[in-house]
Amino acid sequence: MNYRDEDPARTGSPDQAFNSFMSDLTGRDADDLDFYEKRPIMPDTPLTREMAQCKIDTDNFLRNQINRFSKSIEQRDAMLKLHGLEVE
């Protein structure tokens, strides 16, 4: 009988458990990436356009907040750079 600390189901490597699970399902090695189906790149859908518009709106909001509450031009430029926004 295995003690709790020695039970391989509890102390085994998660990677080994996943590899074993995938090999049981597919009959192949889990690291054989060429075997698995590759998803196509998502075409430009209304959802991606909506997400792009959301990012633009968020960036504009963030820029306005930084401009409003910065105490100096240096602080404003540092905050814009920190958040990946263009420095004007």
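The values are calculated or read from the model by the stated rules, or taken from the named source; none is laboratory data. These numbers were taken from a predicted model, which means no experiment stands behind them. Backbone-built Cβ (ideal geometry, glycine too); neighbour counts: all protein chains shown.
Laid out as a table, the results:
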item	result
Among residues of the stretch 13-71, those that are assigned to a helix (DSSP H, G or I), in the same structural domain as His83 (by TED's automatic domain parsing) and of a type in the set (S, T, N, Q), counted	7
Hits in the stretch 72-88 (condition: part of a helix (DSSP H, G or I) and among the polar types (S, T, N, Q))	Gln75
The stretch 13-41, residues that are touching an Asp or Glu at 6+ places or on another chain (Cβ under 9 Å) and free of Cβ contacts under 8 Å to residues at least 12 places away in the same chain	Met22, Ser23, Thr26, Phe35
Any pair with Cβ under 9 angstrom, 6 or more apart, that starts in the stretch 51-74 at a residue that is within 13 Å of Glu88 (Cβ to Cβ) and in contact (Cβ under 8 Å) with a residue 60 or more places away in the chain and ends at one that is surrounded by 11 or more Cβ atoms within 10 Å (Cβ to Cβ) and small (Gly, Ala, Ser)	none
Considering residues of the stretch 16-49 that are surrounded by fewer than 10 Cβ atoms within 10 Å (Cβ to Cβ) and at pLDDT 80 or above only, the residue nearest to the chain's Cα centre (by Cα)	Leu25
